[in-house]
2 protein chains.
Amino acid sequence: MSAHSHTHSDLTKNQSLVMDALSSSEGPLSAYTILDQLRDNGMRAPLQVYRALDKLVEYGLVHRLESLNAFVACRHPNCDSNKTIIFMICEACDKVNEITDAALAKNINKIAASEKFALNKSTVELRGLCPACQTD
Amino acid sequence: MSAHSHTHSDLTKNQSLVMDALSSSEGPLSAYTILDQLRDNGMRAPLQVYRALDKLVEYGLVHRLESLNAFVACRHPNCDSNKTIIFMICEACDKVNEITDAALAKNINKIAASEKFALNKSTVELRGLCPACQTD
DNA sequence: CGCAATCTTGTAATGAGATAACATCACCTA
DNA sequence: TAGGTGATGTTATCTCATTACAAGATTGCG
């Protein structure tokens, strides 16, 4: 099943609220930031947000950034959550660029295979400065 | 300066305690687990552990695993903390294998360059099953 | 229909990870 | 010996995440 087979209409109310919050954000948001933004929409407890996030991540609509303890809406055109995704996180403006790279994915699979490691999930997060923030 | 230019004798008391705890552990430890293990040695507050960990990471003796919020002693023979390190984390036994791969490092640098991203630090963490745990 | 099974939701409380702020101590050096 | 620097100790607080339990909603089937 493709990750994006879930359309917006499939989502529950809370899932839609969280999805919208992430989609309209410039950068990653923490669960508690999302909660604060959605207080007026009936969100009251962290767990409501975390439950929605869990599902959205499962559907491949949202990614979790391990190094930030935060979440971003998937912006990759043909995102397949099974692929290795590379996140480039700007340490100045906090924006995140999300890309895939066939060579790198292949490389990671090769490394795992050579170590006889049964790969389940890859996390690749790069920290640095995005083009816009290097001009300072 | 090479990451491992800091020998054990350079370390302060707290740093040594934390280093020993990590070195003698089979897998990664959280800061609070380390704290609990060292209560009898005078460690009383999280900050004492975090301060030691900060220095040990800075010296390249310890790595932080972003996806686990935990820390491991560096076991790579000629570890240079500037290199891209690949962590393979077993989801069954929690042991961590730490390797470097020149091709992958090159690949990541190439990707960053092609996106005009000024790379500062790379996090590559693979989740799955180690060889020993696949026999189940 | 009516009831049970199951899934989603709401709420409160708590666990786990990390840091801020401030006081103190040890050591080096001019 | 006075003063600077870095390491320590302590308390409180902040952020991130989950457990436990109650209450609705929905589906399936007699």
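No lab work stands behind these numbers, since they all come straight from the coordinates. Computed from a predicted structure; not experimentally measured. Glycine also receives a Cβ, built like all others from the backbone with ideal geometry; neighbour counts cover every protein chain displayed.
Taking every residue in B:124-133 and counting other chain Cβ atoms within 10 Å of its Cβ, the average works out to 6.
Taking Rh as the Kirkwood radius computed over C-alpha pairs, what is the Stokes-Einstein D of chain A at 10 °C in a medium of viscosity 1.306 mPa s, expressed in µm² per second?
Numbers: Rh = 16.1 Å.
Translational D for this selection: 99 µm²/s.
Measuring r between the beta carbons of A:Cys93 and A:Tyr50 and using R0 = 22 Å, the FRET efficiency lands at 0.25.
Looking only at other chains, what is the average number of their beta-carbon atoms within 10 angstrom of each beta-carbon in B:49-55?
Numbers: counts 0, 0, 0, 0, 0, 0, 0.
Per residue, the number of nearby Cβ atoms from other chains is 0 on average.
Sorting the Cα pairs of the protein assembly as shown by distance into bins of 5 Å, from 0 upward, gives 1, 5, 11, 13, 16, 16, 15, 12, 7, 3, 1, 0, 0 percent per bin. Taken residue by residue and averaged, Cβ atoms of other chains lying within 10 Å of the Cβ of A:104-115 number 4.
Under the convention that each Lys and Arg Cβ holds +1 and each Asp and Glu Cβ holds -1, the size of the dipole of segment B:3-73 around its Cα centre is about 200 debye.
Measure up A:Lys95/B:Lys110; A:Lys13/A:Lys55; A:Lys83/B:Lys55; A:Lys116/B:Lys95; A:Lys121/B:Lys110; B:Lys83/B:Lys116 against 24 Å on the Cα-Cα distance and list the ones that go over. Intermediate values should be presented prior to the final figure.
Values: A:Lys95/B:Lys110 20 Å; A:Lys13/A:Lys55 12 Å; A:Lys83/B:Lys55 35 Å; A:Lys116/B:Lys95 14 Å; A:Lys121/B:Lys110 22 Å; B:Lys83/B:Lys116 19 Å.
Check vs 24 Å cut-off fails for A:Lys83/B:Lys55.
Working from label points 7 Å from Cα in the Cα-to-Cβ sense, the B:Ser25 to A:Asp36 distance is 3.1 nm.
Annotation: peptides B:39-48, A:99-108, ranked by per-residue average of other Cβ atoms within 10 Å with the highest first, follow the order A:99-108, B:39-48.
Normalised by the residues of chain B, what does the relative contact order come to in percent, with Cα pairs under 8 Å and at least six apart?
On the way: 167 pairs, mean separation 31.2, N = 136.
Dividing the mean separation by the residue count of chain B yields 23 percent.
Would you calculate the volume per residue, in Å³, of the smallest convex hull containing every Cα atom of segment B:85-135? Spelled out: Cα convex hull of segment B:85-135, divided by residues, is 82 Å³. Computed on segment B:3-73, the Cα convex hull volume stands at 78 Å³ per residue.
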